Every structure is written in C-alpha cells, then in structure tokens.
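Structure, as structure tokens:
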Amino acid sequence: MKTILLSVDKSVDNLMDNPQVEKAASLLAENEVVAIPTETVYGLGGNAENDDAVQKIFSAKGRPSDNPLIIHIADKSQLNGFVEEIPEKASILMDKFWPGPLTIIFKKKPGVLSEKATAGLDTIAVRMPDHPVALAILKKCGLPIAAPSANSSGKPSPTTAKHVKDDLEGKIAGIIDGGPTGVGVESTVVDCTEQVPVILRPGGVTKEQLEKVIGEVVTDPALLNEAEKPKAPGMKYKHYAPDAPMYLVKGSQKFLQELVDEKRKKGLRVGVLTTEERQEDYQADIVLACGKRESLPTVASALYDTLRSFNDEHMDIIFSEVFPVEGVGQAIMNRLLKAAGNKIISE
Ligand code: AMP
Ligand code: MG
C-alpha cells in the first residue's frame with residue numbers, strides 16, 4: 001500500500017479548511033487508517049464505529065487483539081453516544097484536563113462502537129487530545145477515532161512523523177506530519193468506574209495533579225508488583241524496547257562507568273543513556289543525553305527519540321541512569337522499566 005505523507009503547520013489559522021486536514025478526515029471517513037500528531041505521541045487513527053478500520057489498526061501495528069484502544073473525541077457531547085454514564089469525578093477531570101494527556105475509563109454503552117476497539121470489555125477508554133491538528137481532523141470527520149500509538153507493537157512510541165514512517169510506511173494510508181510532539185509520553189489512563197479512581201497507566205498528567213482536583217486516587221498495584229495482573233490489558237506487554245538489551249543502573253556515575261568499562265574490555269559496543277548535565281562525564285561508544293535531569297518534562301519529551309536513536313548506532317548493550325519517581329518521573333520510570341524488561345543493576 002502507498003502511504004501518503006502530508007505536512008501541516010500546526011500554528012496556522014483555519015486548520016479546518018486546510019487541504020491536508022480535509023484529506024486526513026476523508027481517509028478516516030472511508031475507513032482507512034492515518035497517523036496523526038497529538039501532544040503526547042503520534043496516534044494511528046481509525047473510525048471506531050467500523051470493524052474493518054479498527055482491524056486495520058491492529059494489523060498495521062501487529063498489536064495483540066486483547067489490547068483495547070483509546071477513543072479520541074473533539075467534543076464532550078460525543079461521549080453520550082457510547083458511554084453509559086459520566087460519574088461526577090470524571091466530569092471534574094474532563095473540565096480540568098481536557099483537551100490534554102488524560103484518558104478516562106467509562107462504562108460502555110454496548111453495541112455502538114466496534115467491539116474490536118474495546119477488545120470485548122464492558123468499559124471504554126476516551127480522551128480529547130490537546131493538539132490543533134488532531135482536533136481539526138477529529139472535528140472535520142465528526143467520528144469517534146480509535147487511536148493507539150502509531151508504532152509497531154513493542155517499539156518505542158513515535159514522537160516524530162519520521163518514527164511513524166520508519167515503522168509503518170507501506171502499511172497505512174497516510175501520515176500527517178505536524179512536527180515533533182511535546183509531552184513525549186502517552187496519556188495517563190485513569191479508571192473512573194471505581195469509587196476511588198485508579199491510575200492504570202502513569203502518563204502526562206501526574207497523580208498529584210489528579211488528587212488536587214478529585215481527592216484520593218490510587219495506582220494499580222500491578223504497576224509496582226510484577227506478580228499481579230494489570231487492569232489495563234496493554235500494561236502486561238513488553239514495550240518501548242530498543243534493539244539492544246538495556247539495564248537500568250541504580251547507583252553512582254562511577255558505578256555506571258565501571259559497568260561500561262567492563263563490557264568494553266570484552267569488545268562490546270556500549271551505550272549510555274544520561275542527561276545533558278552529565279553527557280560529558282561518561283566514556284562509552286555512544287553517550288546520549290535525554291533532556292535535562294533538572295527538568296523531568298524535558299526527559300519525557302526526549303525519551304522515545306533517545307531510545308530509538310540507540311538502534312541507529314547498533315549497540316550491543318545499553319546502560320541507563322534512573323530518574324526520581326515523582327511527577328512525570330512516574331511515567332518515565334514506568335516506560336524505562338518496560339524498555340529494560342525490568343532489568344536493574346544496583347550498586
Ligand atoms: P495505547 O493505545 O498504545 O496508548 O495504549 C492504550 C492503553 O490503554 C493500553 O495499555 C490499554 O490496555 C489501555 N486501555 C484501553 N482501553 C481500556 C479499558 N477499557 N480498560 C482498561 N485499560 C484500557
Ligand atoms: Mg502504545
């Protein structure tokens with residue numbers, strides 16, 4: 001299949017009349033799948049009302065069929081069509097964080113959207129992205145759009161149109177390039193069907209931000225304990241992994257350097273994931289800076305591009321620093337642990 005590549009400048013006025021936006025909306029209405037920029041990562045959109053369109057998303061990504069998709073909307077009024085009820089806490093969260101990197105789980109109205117999109121569950125995940133191009137496309141087509149991250153399943157999520165092209169060119173109808181995404185990690189997924197809302201996936205909105213507006217929020221214990229089954233089906237899969245094995249190193253810079261030296265002596269090509277402040281401190285084959293440690297949002301924003309960059313360098317092994325598990329650091333460490341397959345070396 002030929003993949004159409006289109007660019008849209010997100011800062012121009014009247015995006016609704018932009019020919020590229022119109023093309024993307026018409027492809028979606030024809031039940032084709034199109035990669036679109038959002039503020040978190042690029043999404044692979046398809047008409048959530050249509051089984052064929054949803055199947056195309058799963059096929060292009062190679063995504064396991066038991067992993068449900070997030071439905072994207074441009075207007076809260078669309079919710080009434082496919083959600084059974086809107087709990088008060090969900091309503092407060094929507095007012096505060098939509099559009100934005102927060103996905104809310106609701107009870108689903110059965111028989112409206114494709115069963116494949118929700119992997120047969122009786123709940124449904126919904127969000128409103130905070131990106132002018134995504135919102136213009138959603139408004140133009142007027143459909144609820146199912147959109148997981150636009151990467152091959154298991155790879156780091158895409159934060160540029162090039163990442164999408166590397167994974168999915170030839171497998172999807174179109175890619176809309178709206179420039180690099182900002183937040184860099186996916187949305188926070190919060191289950192509002194429970195009395196006390198539960199974070200199923202840490203992301204762009206932090207637990208602290210949620211608690212400020214609705215009080216107590218808990219984190220799915222399975223995210224901290226490998227033995228338990230996560231409530232978000234997707235959280236059980238290995239994800240975000242670079243091609244080379246990666247280890248997270250808890251300890252001093254000196255300790256990490258010793259690990260690097262030991263592997264290099266054996267003739268291996270060794271990579272280090274650090275931040276701008278410390279990039280000059282390490283001697284390795286490749287040392288990549290992932291944002292600035294003093295500003296965790298910059299680390300989140302650069303994370304997937306950094307993980308993908310190691311693949312261009314053909315490393316044998318990668319050692320990564322760890323980050324504080326606070327604020328967006330919760331999402332960063334969740335993704336790094338998955339990328340490393342939970343391999344940690346402590347000093
Ligand atoms: P992605 O589409 O790659 O951003 O991943 C979406 C995440 O949301 C996955 O971890 C899914 O398992 C999770 N998710 C989607 N729908 C539901 C749902 N109804 N209940 C629980 N988790 C969900
Ligand atoms: Mg994903």
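Computed quantities for the displayed model
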{"quantity": "Residues that are crowded, with 18+ Cβ neighbours inside 10 Å and part of a helix (DSSP H, G or I), drawn from segment 1-22", "calculated": "Leu15, Gln20, Val21"}
{"quantity": "Within segment 119-152, tally of residues that are within 16 Å of ligand 2 (Cβ to nearest atom), at negative phi and assigned to a loop (DSSP other than H, G, I, E, B)", "calculated": "6"}
{"quantity": "Positions within segment 229-248 being away from ligand 2 (no atom under 16 Å from the Cβ) and in a loop (DSSP other than H, G, I, E, B), in sequence order", "calculated": "Lys229, Lys231, Asp243, Ala244, Pro245"}
{"quantity": "Check on Asp167, over 13 Å from Val33 (Cα atoms), acidic (Asp, Glu) and within 16 Å of ligand 2 (Cβ to nearest atom)", "calculated": "yes"}
{"quantity": "Some residue of segment 119-129 being surrounded by fewer than 21 Cβ atoms within 10 Å (Cβ to Cβ) and closer than 23 Å to Asp167 by Cβ", "calculated": "yes"}
{"quantity": "Ile92 vs. criteria touching a residue at least 40 places away in the same chain (Cβ under 8 Å), on the phi < 0 side of the Ramachandran plot, assigned to a helix (DSSP H, G or I) and surrounded by fewer than 22 Cβ atoms within 10 Å (Cβ to Cβ)", "calculated": "yes"}
{"quantity": "Search result, residues across segment 104-155 that are among the small types (Gly, Ala, Ser), under 21 Å from the mean Cα position of the chain (by Cα) and within 13 Å of ligand 1 (Cβ to nearest atom)", "calculated": "Ala117, Ala119, Ala125, Ala146, Ala147, Ser149, Ala150, Ser152, Ser153, Gly154"}
{"quantity": "Helices (runs of 4 or more DSSP H) fully within segment 252-347 counting 2 or more residues that are within 24 Å of Lys162 (Cβ to Cβ), free of Cβ contacts under 8 Å to residues at least 40 places away in the same chain and of a type in the set (Val, Ile, Thr)", "calculated": "296-312"}
{"quantity": "Per-region count, segment 269-287, residues under 23 Å from Gly327 (Cα atoms) and crowded, with 17+ Cβ neighbours inside 10 Å", "calculated": "3"}
{"quantity": "Number of positions in segment 220-267 that are in contact with a Leu (Cβ under 7 Å, 6 or more places away or on another chain) and β-branched (Val, Ile, Thr)", "calculated": "1"}
{"quantity": "Any chance Pro64 is touching a residue at least 24 places away in the same chain (Cβ under 8 Å) and within 10 Å of ligand 1 (Cβ to nearest atom)", "calculated": "yes"}
{"quantity": "Test: residue in segment 215-228 that is within 16 Å of ligand 1 (Cβ to nearest atom), over 17 Å from the mean Cα position of the chain (by Cα), among the small types (Gly, Ala, Ser) and outside any strand (DSSP E or B)", "calculated": "yes"}
{"quantity": "Matching residues, segment 57-107, being hydroxyl-bearing (Ser, Thr, Tyr) and either within 16 Å of ligand 2 (Cβ to nearest atom) or within 27 Å of Lys2 (Cα to Cα) (or both)", "calculated": "Ser59, Ser65, Thr103"}
{"quantity": "Some residue of segment 97-113 being of a type in the set (A, V, I, L, M, F, W, C) and in a helix (DSSP H, G or I)", "calculated": "yes"}
{"quantity": "Condition check for Ala232: under 15 Å from the mean Cα position of the chain (by Cα), within 16 Å of ligand 1 (Cβ to nearest atom), in contact (Cβ under 8 Å) with a residue 40 or more places away in the chain and farther than 25 Å from Asp95 by Cβ", "calculated": "no"}
{"quantity": "Residue satisfying all of: in segment 14-52; free of Cβ contacts under 8 Å to residues at least 24 places away in the same chain and among the acidic types (Asp, Glu); nearest to ligand 1 (Cβ to nearest atom) among these", "calculated": "Asp52"}
{"quantity": "Number of positions in segment 192-214 that are farther than 22 Å from Pro297 by Cα and within 13 Å of ligand 1 (Cβ to nearest atom)", "calculated": "5"}
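Yes or no, residue by residue, for (1) out of contact with any strand residue (DSSP E or B) (no Cβ under 9 Å at 6 or more places or on another chain); (2) among the aliphatic types (A, V, I, L, M); (3) modelled with pLDDT under 95:
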| position | (1), (2), (3) |
| --- | --- |
| Asp285 | no, no, no |
| Ala289 | no, yes, no |
| Thr306 | no, no, no |
| Phe310 | no, no, no |
| Ser320 | no, no, no |
| Val325 | yes, yes, yes |
| Asn334 | no, no, yes |
| Leu337 | no, yes, yes |
| Asn342 | no, no, yes |
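The values are calculated or read from the model by the stated rules, or taken from the named source; none is laboratory data. Everything numeric here is computed off the predicted structure, so don't read it as measured data. Heads up, the Cβs are rebuilt from the backbone with ideal geometry, glycines too, and the neighbour counts pull from every protein chain shown.
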